[in-house]
Amino acid sequence: MADLVLKNIVKKYSQGSSVNTIDNIDLSIKSGEFIVFVGPSGCGKSTLLRMIAGLESVTSGTISIDGKDLTYANPSDRNVSMVFQSYALYPHMTVFENIAFGLKLSKEDKSTIEEKVNKVAEILKLDILLDRLPKELSGGQRQRVAIGRSMVRNPKVFLFDEPLSNLDAALRIKTRLEIAQMHQNIDSTMVYVTHDQVEAMTLADRLVILNKGKVQQFATPKDAYDNPKNKFVAGFIGSPAMNFIDVVIQKDYENNQYYISLNNSHGKSNDIYLENHYENIEKYLGKTVTAGIRPEHMQNGFRDSQISNELQSLETVVDYYEYVGADGFLFFDLNNTTVLSRISPSGFKGINNVIELKVWAKKILFFDKDTEERIY
Ligand code: ADP
Ligand code: MG
């Protein structure tokens with residue numbers, strides 16, 4: 001278990017370039033935490049992880065583990081261990097030999113090796129597979145062997161770079177759960193890279209949401225979902241993604257309340273009144289801002305009866321529908337933008353028909369159109 005601290009980390013791949021691949025990243029990761037770096041392809045996740053592992057130099061800044069500055073230390077002196085997407089196992093060695101390989105190199109005695117490999121094999125449920133060759137294993141089993149190989153070294157910090165991307169969807173979910181259980185059992189500090197926000201949400205104690213080499217938000221999955229700091233995080237976290245709609249902030253002076261209009265091109269207009277807690281909204285009066293509404297906050301069947309007096313009506317005409325079993329996805333336009341609403345399929349009345357949905361107005365977020373920062 002170990003604290004991992006990154007201070008002002010910058011990475012430029014070519015000297016004199018104006019582009020920072022990693023742009024001044026500060027992170028303080030607590031001992032035993034499961035941290036996930038998540039962001040779109042090319043945002044710098046692997047670069048950052050490889051710098052922690054010592055496989056890539058830093059341009060400036062410091063990396064320390066348990067208070068010890070390791071910025072320029074060799075990979076082998078950092079006590080970290082990395083699992084890659086392509087789990088290169090030795091094809092001619094059994095599972096046991098693959099896991100034991102590093103221990104043999106460091107000349108540990110035979111009984112210690114056996115004890116360590118067996119313990120790791122038990123945690124990863126590889127104990128009945130120890131005599132097999134990699135070609136006799138499924139993709140998920142091979143990935144577990146790769147994880148086992150790093151576990152036997154008992155590193156202070158585990159690093160994973162998209163370890164599940166080569167697995168099919170069902171196996172990804174299963175192996176994801178196994179990794180979460182392994183973390184519960186061994187309690188090590190883990191840093192895990194993925195571009196898949198669902199994988200990130202399910203595994204992380206805290207998420208580092210990256211875009212263009214910058215940390216957009218460092219938060220628990222729940223906080224990132226409930227309180228995204230900007231439009232990027234709001235759109236990246238949550239599935240299906242948040243809808244973004246241009247709206248003008250208006251005021252009903254008689255009732256002293258702010259409202260927005262959400263208009264469907266088939267002639268349905270809806271004024272949605274905002275709760276009074278939108279403190280910062282006043283200076284945007286009469287201006288266009290971006291409203292963010294999650295598909296689940298604009299639907300037909302809210303389960304929580306306690307919020308019924310917080311729901312407002314939204315009438316619209318449906319253009320398209322996708323049925324996915326437990327949910328249905330309705331598509332329609334509001335203020336000239338196609339939006340998606342996640343409904344209970346029983347409420348679907350057919351396309352080109354008017355449907356009345358409910359909007360949970362309190363959950364609507366607002367973003368500045370220029371800076372894309374959260375207004376409220
Ligand atoms: P991610 O893992 O988030 O997909 P990477 O860290 O691999 O992103 O890459 C971040 C950016 O740095 C990308 O634009 C990529 O093209 C660039 N990059 C990565 N490795 C190198 C390298 N060795 N030399 C030059 N540019 C690189
Ligand atoms: Mg990568």
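The values are calculated or read from the model by the stated rules, or taken from the named source; none is laboratory data. Computed from a predicted model, the values in this text were never measured in an experiment. We place every Cβ from the backbone using ideal geometry, glycine too, and count neighbours over all the protein chains shown. Surface accessibility is based on the protein's heavy atoms, side chains included, excluding ligands, DNA and RNA. Shrake-Rupley method; radii C 1.70, N 1.55, O 1.52, S 1.80 Å.
Quick notes on this one:
- Scanning the range 48-69 for residues that are in contact with a Lys or Arg (Cβ under 9 Å, 6 or more places away or on another chain), without any contact (Cβ under 8 Å) to a residue 60 or more places away in the chain and within 16 Å of ligand 2 (Cβ to nearest atom) returns Met51, Glu56.
- Criterion (of a type in the set (Gly, Ala, Ser), more than 16 Å from ligand 1 (Cβ to nearest atom) and open to solvent by less than 10 Å² (accessible area, probe 1.4 Å)) met by exactly one of Ser60, Ser81, Ser106: Ser81
- Some residue of the range 70-78 being touching a residue at least 24 places away in the same chain (Cβ under 8 Å), away from ligand 2 (no atom under 16 Å from the Cβ), open to solvent by 70 Å² or more (accessible area, probe 1.4 Å) and over 24 Å from Ala146 (Cβ atoms): no
- Counting only strands (runs of 3 or more DSSP E) wholly contained in the range 144-244, the ones carrying 2 or more residues that are farther than 30 Å from Asn98 by Cβ occupy 206-211, 214-219.
- Scanning the range 195-206 for residues that are within 16 Å of ligand 2 (Cβ to nearest atom) and either out of contact with any Phe, Trp or Tyr (no Cβ under 7 Å at 6 or more places or on another chain) or under 14 Å from Ile29 (Cα atoms) (or both) returns His195, Asp196, Glu199, Ala200.
- Total residues in the range 240-258, condition out of contact with any Phe, Trp or Tyr (no Cβ under 7 Å at 6 or more places or on another chain) and surrounded by 14 or more Cβ atoms within 10 Å (Cβ to Cβ): 8
- Selection within the range 13-57 - open to solvent by 30 Å² or more (accessible area, probe 1.4 Å) and of a type in the set (D, E, K, R): Asp23, Asp26, Lys30, Arg50, Glu56
- Unique match (being closer than 18 Å to Pro163 by Cβ and not in a helix (DSSP H, G or I)) among Ser41, Ser64, Ser46: Ser41
- Residues satisfying the stated conditions in the range 182-193, i.e. surrounded by fewer than 23 Cβ atoms within 10 Å (Cβ to Cβ) and of a type outside the set (A, V, I, L, M, F, W, C): His183, Gln184, Asn185, Asp187, Ser188
- Only one of the numbered conditions (1) out of contact with any strand residue (DSSP E or B) (no Cβ under 9 Å at 6 or more places or on another chain); (2) within 20 Å of Gln15 (Cα to Cα) is violated by Asn74, and that is (2).
- Qualifying residue in the range 340-361 (condition: surrounded by fewer than 17 Cβ atoms within 10 Å (Cβ to Cβ), touching a helix residue (DSSP H, G or I) at 6+ places or on another chain (Cβ under 8 Å) and either in a loop (DSSP other than H, G, I, E, B) or free of Cβ contacts under 8 Å to residues at least 40 places away in the same chain (or both)): no
- When the range 84-103 is limited to residues that are touching a residue at least 24 places away in the same chain (Cβ under 8 Å), in a helix (DSSP H, G or I) and out of contact with any Leu (no Cβ under 7 Å at 6 or more places or on another chain), the one that is most open to solvent (accessible area, probe 1.4 Å) turns out to be Phe101.
- Residue, farthest from Lys45 (Cα to Cα), within the range 167-177, restricted to residues that are open to solvent by 30 Å² or more (accessible area, probe 1.4 Å) and under 18 Å from the mean Cα position of the chain (by Cα): Lys174
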